Amino acid sequence: MVVGLWHWIEQNAAGLSLLVPFLAIGGGLLGNWLGARIQAAGGLAQASAAREAARITAEASRLAALRDERRLAIAEFVRAARTLFRISWDLYHQDHEEEASRAHAALSYAYAEVELCAPTSIVLLAASVLEAAEDAWFLARSRGPAARIVRLLRVPAADGGTPGLLAYDTVRAARIAAANDRPDRDAIQVQALRELRRCGLLDERQVMAVYMDIPHGYLVTAQQERGDAYAAALHAFVNAARQALGANREGGVEWIPASGGTRPVQN
């Protein structure tokens, strides 16, 4: 078969020589077409890779911006919560009602910022902090005026005596009796009212403010309850926020601070 094909080529060599240029031209055109296709495919691949890289860069930038926004919102919320709680405690000693109201408004705004940029789990913990801080503020706003008035009863007079001391002691005993639900609580409360009026340091409005506060019980216990609730809520929020922001990672070790805990030793 091979010998026959060779004889045919020898017999038709002249005709085949005429086809060689056309075959060369066709091969060149085919090569150019294939090269163009390869270049076009390479260009599409490069364009696709560029678009993907741009998408990844944009997403990374968005996440970085969100992380910064979240960090700032959380920091401001913690600051605002601590401010409201501190001012609320001051209400038992001084009249800072307007300052406390501004602090509460700032905390409410800070909470709204956390709602918009933090994960749901963080928002729920922030809500607990907000509630605890507001409870402390509400207590101080309702009982702070009476506490401030009672403190006046312990101020010594010009002669060195303390004319309101008996009234102070009686009010304190009446609060304890009310908190313990003692059967003689009403009688002790009436005695406290009598001593408040007798001491001569208070006007009738101040006397009634203290008298109406007595049934609520011993103030220190209520303060301690609000303080413990606030401290626990803020501790849980800060720990969760640190974990969400990756602040606990040190040398690849995840460290969550606990009460009285120490940092792990890095080897």
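The values are calculated or read from the model by the stated rules, or taken from the named source; none is laboratory data. For clarity, every value in this text was computed on a predicted model and none was experimentally measured. Here the Cβ is made from the backbone with ideal geometry for all residues, glycine too, and neighbour counts use every protein chain on show.
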Do we find that residue 84 is part of a helix (DSSP H, G or I), at pLDDT 95 or above and touching a His at 6+ places or on another chain (Cβ under 6 Å) in this structure? yes
Of a type in the set (Gly, Ala, Ser) and surrounded by 18 or more Cβ atoms within 10 Å (Cβ to Cβ) - does that describe any residue in the range 150-161? no
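Inside the range 87-136, can you point out the residues that are in a loop (DSSP other than H, G, I, E, B) and of a type outside the set (A, V, I, L, M, F, W, C)?
So the first thing to find is which residues in the range 87-136 are in a loop (DSSP other than H, G, I, E, B), and the list is 91-96, 118-119.
Result: 92, 93, 94, 95, 96, 119.
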Within the range 178-195, considering residues that are among the small types (Gly, Ala, Ser) and at pLDDT 90 or above, the one surrounded by the fewest Cβ atoms within 10 Å (Cβ to Cβ): 187
In contact with a helix residue (DSSP H, G or I) (Cβ under 9 Å, 6 or more places away or on another chain), closer than 30 Å to residue 68 by Cβ and of a type in the set (A, V, I, L, M) - does that describe any residue in the range 163-180? no
May I ask you to verify whether residue 120 is loosely packed, with under 13 Cβ neighbours inside 10 Å, more than 26 Å from residue 239 (Cα to Cα) and either polar (S, T, N, Q) or modelled with pLDDT under 95 (or both)? no
Those residues of the range 64-86 which are within 22 Å of residue 146 (Cα to Cα) and free of Cβ contacts under 8 Å to residues at least 24 places away in the same chain amount to 86
With the checklist (1) among the aliphatic types (A, V, I, L, M); (2) part of a helix (DSSP H, G or I); (3) at pLDDT 90 or above in hand, flag the one item residue 222 doesn't pass. (3)
Out of 261, 246, 252, 200, I need the residue that is closer than 30 Å to residue 135 by Cβ and either small (Gly, Ala, Ser) or modelled with pLDDT of 90 or more (or both). Which one? 261
